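Scroll down for the structure; my scribbles are underneath it.
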Amino acid sequence: AQSVTQLDSQVPVFEEAPVELRCNYSSSVSVYLFWYVQYPNQGLQLLLKYLSGSTLVKGINGFEAEFNKSQTSFHLRKPSVHISDTAEYFCAVRPLDSSYKLIFGSGTRLLVRP
Amino acid sequence: DGGITQSPKYLFRKEGQNVTLSCEQNLNHDAMYWYRQDPGQGLRLIYYSQIVNDFQKGDIAEGYSVSREKKESFPLTVTSAQKNPTAFYLCASAGSHEQYFGPGTRLTVT
C-alpha cells in the first residue's frame with residue numbers, strides 16, 4: 001500500500017520570506033509525484049509534477065520541488081512568498097502499478113502574513 | 001475552452017433525499033474520478049471510471065452510486081444511505097499522467 005505524509009498541517013510565514021512545505025511518501029513501487037494548490041472553495045490546480053529525469057522540477061507561480069528517492073521525499077519550496085500564495089497545498093503520488101489513481105496527503109495550509 | 005465543469009456549485013438537500021451531482025469534461029479523457037473532501041482532510045476517492053460503461057469503487061463508495069454512459073459525463077448520486085453526506089465534492093479526469101479537477105460542488109444536507 002502507498003501513503004503520503006504532510007507533517008505540517010499549517011505553515012505561517014511572512015510575505016517575501018522563503019517557505020518549504022514537506023512531503024514524504026511510502027511506496028513499494030515507483031511513483032509519479034505531484035503538488036496541487038487549492039484556493040478556498042475551488043478545485044485543485046496542478047503546481048508541478050515529477051515523472052522522471054532531473055530531480056529538481058519547476059512549476060507555476062515560482063514554486064519548485066526536489067525529488068529525493070533515498071529519503072522518499074518531495075518537498076515544495078518557494079524563495080519568496082506573496083500574500084496571494086495563501087492556500088491549501090496537497091502532495092500526491094501515483095503508483096505506477098495502478099490505473100491513474102492518486103493518493104493524497106492531508107494537505108498543508110500556507111498562511112502568508114504581511 | 002477545455003476543462004471540467006461541475007454543477008451546481010452549492011447544493012442544499014433535506015435528509016433522506018437522493019441528490020445527483022453533475023460532472024462534464026471536454027478534454028477527451030478516458031478516466032474520471034469522484035472525490036470527497038472534508039475540512040482538515042485530504043481527498044478521499046469515492047468512485048472512478050477508466051472507460052465508458054465501466055467503473056470501480058474507491059475507498060469510500062458506501063452510500064454513493066455513479067454511471068458512465070458517455071465519455072464526457074460521470075454523474076455522482078449521493079443516496080439517503082450515506083450517513084454524513086455534507087461535504088465538498090470534486091470531480092477529476094486524467095490525462096497521460098496527472099489529474100485535472102473541476103471547481104467542486106458543496107453539498108449541505110440538513
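The values are calculated or read from the model by the stated rules, or taken from the named source; none is laboratory data. The structure displayed is predicted, hence computed values, not measured ones. Here Cβ is always computed from backbone atoms with ideal geometry, including for glycine, and neighbour counts include all displayed protein chains.
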- [ ] Determine, yes or no, whether A:VAL19 is under 13 Å from the mean Cα position of the chain (by Cα), surrounded by 13 or more Cβ atoms within 10 Å (Cβ to Cβ) and away from chain B (no Cβ under 14 Å).
- [x] yes
Open item on the list: For the stretch A:78-111, give me the residue count where each residue is under 14 Å from A:GLN6 (Cα atoms) and of a type in the set (D, E, K, R).
Closed with: 2
- [ ] For A:VAL29, indicate whether it is over 10 Å from the mean Cα position of the chain (by Cα) and either of a type in the set (Lys, Arg) or surrounded by fewer than 20 Cβ atoms within 10 Å (Cβ to Cβ) (or both).
- [x] yes
Open item on the list: Condition (residue is within 24 Å of A:GLN45 (Cα to Cα), more than 10 Å from chain A (Cβ to nearest Cβ), in contact (Cβ under 8 Å) with a residue 12 or more places away in the chain and not charged (D, E, K, R)) applied to the stretch B:92-102: is it met by at least one residue?
Closed with: no
TODO: Please state which of the following conditions A:GLU66 fails to meet, knowing it meets all the rest: (1) within 30 Å of B:CYS23 (Cα to Cα); (2) free of Cβ contacts under 8 Å to residues at least 24 places away in the same chain; (3) more than 11 Å from every other protein chain (Cβ to nearest Cβ).
DONE: (1)
Task: Meets criteria (buried (at least 17 other Cβ atoms within 10 Å of the Cβ), more than 24 Å from A:ALA87 (Cα to Cα) and among the acidic types (Asp, Glu)) for B:GLU69 - done: no
- [ ] Test each condition in (1) surrounded by 12 or more Cβ atoms within 10 Å (Cβ to Cβ); (2) over 27 Å from B:LYS9 (Cβ atoms); (3) at pLDDT below 95 for A:GLY43 and report the one that comes out false.
- [x] (2)
